[in-house]
Amino acid sequence: MERSEEAFSEIMSDVGAPDDLTFADFLEWCASKKEIKNYREKADELKDIIHAREDSMTGGNEMAVTFPLDHYFADGQYLRDLKAPAESFIVSKVHKYNHFFFLLSGSVTIMEQDGTELVKAPYWKMTKTGTRRFLYTHEPCHFVTVHDTNKTNYVDAEEELLTDSFDGFVDSELDISGIEKFIKELEIK
């Protein structure tokens, strides 16, 4: 491992990386990316289990009946307006782009890859690319999300902005295959 650290330092120096970037920091960063990948796999599994259970109880239409979702468009903006009753469990789609979401009323427990938190309105947060949330509403909630798009209907906008699964989801932040190859090359030197 010592040779890898020396080789790493030389390469990082050659490319002008900060002096305080250590091999251990680099390996820790790689491990965090693997943890996100693991979370995403488990999140897709949980989503499938929840949807299968909902479909068996409701014939697959619970979201449309229970959670009214309205869509609004203006000058390159798309607003999604969702109202959910108390004691509801919601699984979000995977978000392809950064955007803002707002909780206008109610309280909700939100679980995502960064952790779990109980929040109360008024509340807002930036949704990062690749986020899937699991939400439990403790009281009736009113959510709004705002997205950049030039689409003018919700079907096209959802196709551009959201996806049902992490399968095939490309997130350059998490592609660590080149980094893993780099580490192996360092270990050989």
- line: Per the C-alpha gyration tensor (a ≥ b ≥ c, the square roots of its eigenvalues), the stretch 97-142 is rounded if a/c is under 1.5, else prolate if a/b beats b/c, else oblate; here it's oblate
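Dipole of the stretch 81-161, Cα-centred, from +1 at each Lys and Arg C-beta and -1 at each Asp and Glu C-beta, to the nearest 20 debye? Intermediate values should be presented prior to the final figure.
Values: 9 positive and 11 negative charges, 26 e Å.
Dipole size: approximately 120 debye.
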message: Modelling each spin label as a point 7 Å along the Cα-to-Cβ direction, I'd like the LEU69/VAL146 distance in nm, to one decimal.
response: 2.0 nm
message: Distance cut-off 25 Å, Cα to Cα: go down the list LYS42/LYS125; LYS37/LYS125; LYS83/LYS125; LYS42/LYS120; LYS47/LYS128; LYS37/LYS83 and report the pairs above it.
response: LYS42/LYS120; LYS37/LYS83
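No lab work stands behind these numbers, since they all come straight from the coordinates. Quick caveat, the model's predicted, so the values are computed rather than measured. Don't worry about glycine lacking a Cβ; one is built from the backbone with ideal geometry, like all the others, and counts go over all protein chains shown.
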